[in-house]
Amino acid sequence: MQSETAQAHAARAAWLRILATAPTDALDGAYQRLGQAQALPAYRLLRKPESGMAMVRARAGGTGAQFNLGEITVTRCAVVLEDGAAGAAAGVAYIQGRSARHAEQAAVLDALLQRPAWHQRVQDLVLAPLASTQAERAAHAAATAAQTRVEFFTMVRGED
Amino acid sequence: MTAMQPIPSTPAASLLPGFNNPVDDAQQVFRAALQAFAHPGRLQTLPVASGLPDGLSPALAALLLTLADPDTPVWLPAGVPAAARAFLRFHCGCPLTDDVGAAAFVCVPAGYAMPALADCAQGDPAFPDRSATLLMEVASLADGDTLTLHGPGIETTQVLRVADLPADFRAGWRANNAGFPLGVDLLLASGDRFCALTRTTLVED
């Protein structure tokens, strides 16, 4: 039971991460496509998109003390779907930057993903394309960095 | 992605929005609360409306949205609906406490008994501001018992009519006055109107 909840939380954290880090235009495109396939349910803004600052804390190495790296702009939003089915949950989004539209769309998608009726469709139409784009980008960055990788070998000098 | 179940953690079915414009609206309500404390016993009308959860009145909801935050524990009577608690937790982020002495705001909605004033946080002599503020819903601020007030902020006397005050209110309030500079401050609310009684406000017999 405990691990089931933990698993559900990890899954939600994973999709929240994809929605938050997706480029604003890509998310908007995916959101429109989802809306064209079937009209999205109406929703109510629990907390309008609002921008603020969040302190990013970091740690140098595994043993260093935490220090304040700097502040970033964060926009957050919370929505609840209007159709009021039992067990309706709020959709939330915290994104970097000040795009109110991005935060609102991400929050609506989070709410939809928590609905069994919508989960698979959002997964296929929105999350999967965004995740594969992100994976490609990460692989590209890794490949670019790998070009300048230096391998250090210890030469055996025949001293004996 | 693996198989995913709906997540049971956020019971938001009944959650309501707070203020329409959180910053501007909270400032207006804060201004009205300042006026109320500057002129004890003078009625203020709520300048803006907010989402209204089950169990709170318009004035109580707006005042708590304005005043409560993560640094101020709020006490609610045990029977208050879960919707009101969820509302405060979501919008104010305030801790909800069951220990009335630990609360910065003691909120008593309609139909619940007021805790004894002496049980609420009184502050300490070096920091009298660390005392509780009571927010109490009364049946009416237009008829009922007549309280004649005087003290700082009142030029001569101020007449306040309050329905349904507890029977021992006057004695409790005299004891609260006697503890100055310690003591609690009181906000009386009814619907969308409210007024303040500060710890220096004297109620004539």
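The values are calculated or read from the model by the stated rules, or taken from the named source; none is laboratory data. Remember, predicted model here, so these are calculated numbers, not experimental data. Ideal geometry is used to build each Cβ from the backbone, glycine not excepted, and the neighbour counts take in all protein chains shown.
A quick yes/no check of all residues on (1) surrounded by fewer than 19 Cβ atoms within 10 Å (Cβ to Cβ); (2) polar (S, T, N, Q); (3) free of Cβ contacts under 8 Å to residues at least 12 places away in the same chain:
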site: B:18; (1), (2), (3): no, no, no
site: B:34; (1), (2), (3): yes, no, yes
site: B:43; (1), (2), (3): yes, no, no
site: B:50; (1), (2), (3): no, yes, no
Residue count, region B:73-111, condition within 14 Å of chain A (Cβ to nearest Cβ), without any contact (Cβ under 8 Å) to a residue 40 or more places away in the chain and buried (at least 19 other Cβ atoms within 10 Å of the Cβ), comes to 2
Conditions (1) within 14 Å of chain A (Cβ to nearest Cβ); (2) modelled with pLDDT of 90 or more -> residue B:6 fails only (2)
**Prompt:** Is it true that residue A:57 is charged (D, E, K, R), more than 14 Å from chain B (Cβ to nearest Cβ), loosely packed, with under 11 Cβ neighbours inside 10 Å and in contact (Cβ under 8 Å) with a residue 12 or more places away in the chain?
**Reply:** yes
Flagged in region B:123-146 as crowded, with 16+ Cβ neighbours inside 10 Å and either modelled with pLDDT of 95 or more or under 20 Å from residue B:60 (Cβ atoms) (or both), in numbering order, are B:131, B:132, B:133, B:134, B:135, B:136, B:137, B:138, B:141, B:144
With criteria (1) in contact with a helix residue (DSSP H, G or I) (Cβ under 7 Å, 6 or more places away or on another chain); (2) assigned to a strand (DSSP E or B), residue B:94 comes up short on (2)
task: Kindly establish whether residue A:26 is closer than 22 Å to residue A:100 by Cβ and of a type in the set (A, V, I, L, M).
output: yes
The strands (runs of 3 or more DSSP E) lying wholly within region B:148-197 that contain at least 2 residues that are surrounded by fewer than 21 Cβ atoms within 10 Å (Cβ to Cβ) and in contact (Cβ under 8 Å) with a residue 60 or more places away in the chain are B:158-163
Picking from A:94, A:43, the residue that is of a type in the set (Phe, Trp, Tyr) and more than 14 Å from every other protein chain (Cβ to nearest Cβ) would be A:94
Going residue by residue through region A:65-81, is there one that turns out to be within 24 Å of residue A:126 (Cβ to Cβ), within 19 Å of the chain's Cα centre (by Cα), touching a residue at least 40 places away in the same chain (Cβ under 8 Å) and surrounded by 11 or more Cβ atoms within 10 Å (Cβ to Cβ)?
no
In the set B:40, B:53, the lone residue that is part of a loop (DSSP other than H, G, I, E, B) and closer than 30 Å to residue B:157 by Cβ is B:40
Restricting attention to region A:114-160, the residues that are assigned to a helix (DSSP H, G or I), under 30 Å from residue A:41 (Cβ atoms) and basic (Lys, Arg) number exactly 1
task: For residue A:144, indicate whether it is without any contact (Cβ under 8 Å) to a residue 12 or more places away in the chain and among the hydroxyl-bearing types (Ser, Thr, Tyr).
output: yes
Of (1) under 15 Å from the mean Cα position of the chain (by Cα); (2) within 19 Å of residue B:165 (Cβ to Cβ), residue B:96 fails just (2)
The number of residues in region A:98-131 that are polar (S, T, N, Q) and more than 12 Å from chain B (Cβ to nearest Cβ) is 2
